[in-house]
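Here's the structure, in structure tokens; my notes come after.
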Amino acid sequence: MSSIHEAIKKNILILDGAMGTMLQRYNFSEEDFRGERFKDFPHSLKGNNDLLSLTQPQAIKAVHAAYFEAGADIVETNTFSGTTIGMADYFLEEYVYELNYESAKLAREVADEWTAKNPDKPRFVAGSIGPTNRTASMSPDVNDPGYRAVTFDDLRIAYKQQVEALIDGGSDLLLVETIFDTLNAKAALFAIEEVKDERNIDIPIMVSGTITDASGRTLSGQTVEAFLVSVSHIPLLSVGFNCALGADLLKPYLQTLSQNTSFNVSAHPNAGLPNAFGEYDETPAEMQSQIKTYLDDNLVNIIGGCCGTTPEHIRLIADIAKDYKPRVSTATM
């Protein structure tokens, strides 16, 4: 199968859309989240989407297939919260390796099916590595600014377990995403490099930060340029932004990034901003129109969707992206 390094030179690659948005359509109950295996588990499990890779695997495969059918080249594994730190909320730390392994395996099976249908369009699996629900750079206690709820080493150890399982399950690349604290991301990147060294392997890495508001900074206070410098110490397949903002509001920060890096650039914005009910109203056609301006301005090599996006959004993005050549960087960094 053609490598992603070859594919990204030929076309703008399409990343999938939101997993959570699609799973909400199933309206799974507590019993559905538990399945037969966890029916007697002593804690509530509803809302733990990662667990559905074990208890509702056909639903996860159906979401992956829907995105591939819509034109995605890359799907993300259902592992956004798949660390011992994230799973501690549900008392499921001991299942973390299995959750990641099985999630990657499900995505791998679907990707291989779609590649077999059209070998000229290879499909790839990105192991999704989320930011966890803790921050290494800031104190959660306003009365104790020196306190940290998690250490760099805590994160490194947790991420290393996740990375090993994602690779073992068949991921083609790793996506460190929705980065609100670059120190967390550096722990993930350190863990990835450890695994690469120990196994004597190489695996492509995507890094995607999140600009949290109109300040143009990450939650831990970094500007676009500072974020870029902080993650550019290792070779990356791509660097980019996702979540928090819609395509229109994200564009200026993407422009700054694109102008300052020689890495490939990715973007998977939300379907606009959430409404009063926390839902996303931006239509596929509206999002397509905004993404077209990215393409017109030669900003991206990988494009997809985050919160609120569906296969319908991805289909229209893929339809228009095929008419453009991948971004060619003029930056030297």
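When you go through (1) in contact with a Cys (Cβ under 9 Å, 6 or more places away or on another chain); (2) at pLDDT 95 or above one by one for residue 274, which number turns out not to apply?
Of the numbered conditions (1) in contact with a Cys (Cβ under 9 Å, 6 or more places away or on another chain); (2) at pLDDT 95 or above, the odd one out for residue 274 is (2).
Looking at 146, 170 in this structure, which one is in contact with a strand residue (DSSP E or B) (Cβ under 7 Å, 6 or more places away or on another chain), open to solvent by 10 Å² or more (accessible area, probe 1.4 Å) and either part of a loop (DSSP other than H, G, I, E, B) or among the acidic types (Asp, Glu) (or both)?
170
Residue 14 - would you say it is at pLDDT 95 or above, outside any loop (DSSP other than H, G, I, E, B), in contact with a Gly (Cβ under 7 Å, 6 or more places away or on another chain) and not polar (S, T, N, Q)?
So residue 14 fits the description; yes.
Does region 122-129 include one or more residues that are of a type in the set (Lys, Arg) and open to solvent by 20 Å² or more (accessible area, probe 1.4 Å)?
no
Counting only residues that are open to solvent by 70 Å² or more (accessible area, probe 1.4 Å) and hydrophobic (A, V, I, L, M, F, W, C), which one in region 270-303 is nearest to residue 259 (Cα to Cα)?
Among residues in region 270-303 that are open to solvent by 70 Å² or more (accessible area, probe 1.4 Å) and hydrophobic (A, V, I, L, M, F, W, C), the one nearest to residue 259 (Cα to Cα) is 273.
Does at least one position in region 37-50 carry a residue that is crowded, with 18+ Cβ neighbours inside 10 Å, more than 17 Å from residue 170 (Cβ to Cβ), without any contact (Cβ under 8 Å) to a residue 24 or more places away in the chain and not aliphatic (A, V, I, L, M)?
Checked against the condition, which is being crowded, with 18+ Cβ neighbours inside 10 Å, more than 17 Å from residue 170 (Cβ to Cβ), without any contact (Cβ under 8 Å) to a residue 24 or more places away in the chain and not aliphatic (A, V, I, L, M), region 37-50 yields at least one hit.
Residues in region 55-74: is at least one open to solvent by 10 Å² or more (accessible area, probe 1.4 Å) and β-branched (Val, Ile, Thr)?
Among the residues of region 55-74, at least one is open to solvent by 10 Å² or more (accessible area, probe 1.4 Å) and β-branched (Val, Ile, Thr), which makes the answer yes.
Please name all residue pairs, on different chains or six or more residues apart, with Cβ atoms under 7 Å, provided the first residue is in region 11-29 and is over 24 Å from residue 319 (Cα atoms) and the second residue is in a loop (DSSP other than H, G, I, E, B).
Between residues of region 11-29 that are over 24 Å from residue 319 (Cα atoms) and residues that are in a loop (DSSP other than H, G, I, E, B), the close pairs are 28/56.
Taking region 192-211, which residues are in a helix (DSSP H, G or I), open to solvent by 20 Å² or more (accessible area, probe 1.4 Å) and either more than 16 Å from residue 159 (Cα to Cα) or touching a residue at least 12 places away in the same chain (Cβ under 8 Å) (or both)?
193, 194, 199
Would you please list the contacts, defined by Cβ atoms under 8 Å and residues six or more apart or on different chains, that run from a residue in region 137-160 that is among the basic types (Lys, Arg) to a residue that is open to solvent by 70 Å² or more (accessible area, probe 1.4 Å)?
From residues that are among the basic types (Lys, Arg), the pairs are 156/190.
Does region 76-110 hold any residues that are in contact with a helix residue (DSSP H, G or I) (Cβ under 6 Å, 6 or more places away or on another chain), open to solvent by less than 20 Å² (accessible area, probe 1.4 Å) and not in a helix (DSSP H, G or I), and which are they?
Matches in region 76-110: 77, 78, 79, 82, 83.
Can residue 244 be described as closer than 30 Å to residue 316 by Cβ, part of a loop (DSSP other than H, G, I, E, B) and at pLDDT below 95? Before the answer, list the steps.
Numbers: closer than 30 Å to residue 316 by Cβ: yes; part of a loop (DSSP other than H, G, I, E, B): no; at pLDDT below 95: yes.
Considered against the rule, which asks whether it is closer than 30 Å to residue 316 by Cβ, part of a loop (DSSP other than H, G, I, E, B) and at pLDDT below 95, residue 244 comes out as no.
Can residue 115 be described as crowded, with 17+ Cβ neighbours inside 10 Å and either in a helix (DSSP H, G or I) or acidic (Asp, Glu) (or both)?
Considered against the rule, which asks whether it is crowded, with 17+ Cβ neighbours inside 10 Å and either in a helix (DSSP H, G or I) or acidic (Asp, Glu) (or both), residue 115 comes out as yes.
Just a yes or no: is a residue in region 180-188 among the aliphatic types (A, V, I, L, M), more than 22 Å from residue 101 (Cα to Cα) and under 13 Å from the mean Cα position of the chain (by Cα)?
Within region 180-188, not a single residue is among the aliphatic types (A, V, I, L, M), more than 22 Å from residue 101 (Cα to Cα) and under 13 Å from the mean Cα position of the chain (by Cα).
The values are calculated or read from the model by the stated rules, or taken from the named source; none is laboratory data. Predicted, not measured: the structure shown is a model, and the values here were computed from it. Backbone-built Cβ (ideal geometry, glycine too); neighbour counts: all protein chains shown. Just the protein is used for accessible areas: all its heavy atoms, side chains included, with ligands, DNA and RNA removed. Shrake-Rupley method; radii C 1.70, N 1.55, O 1.52, S 1.80 Å.
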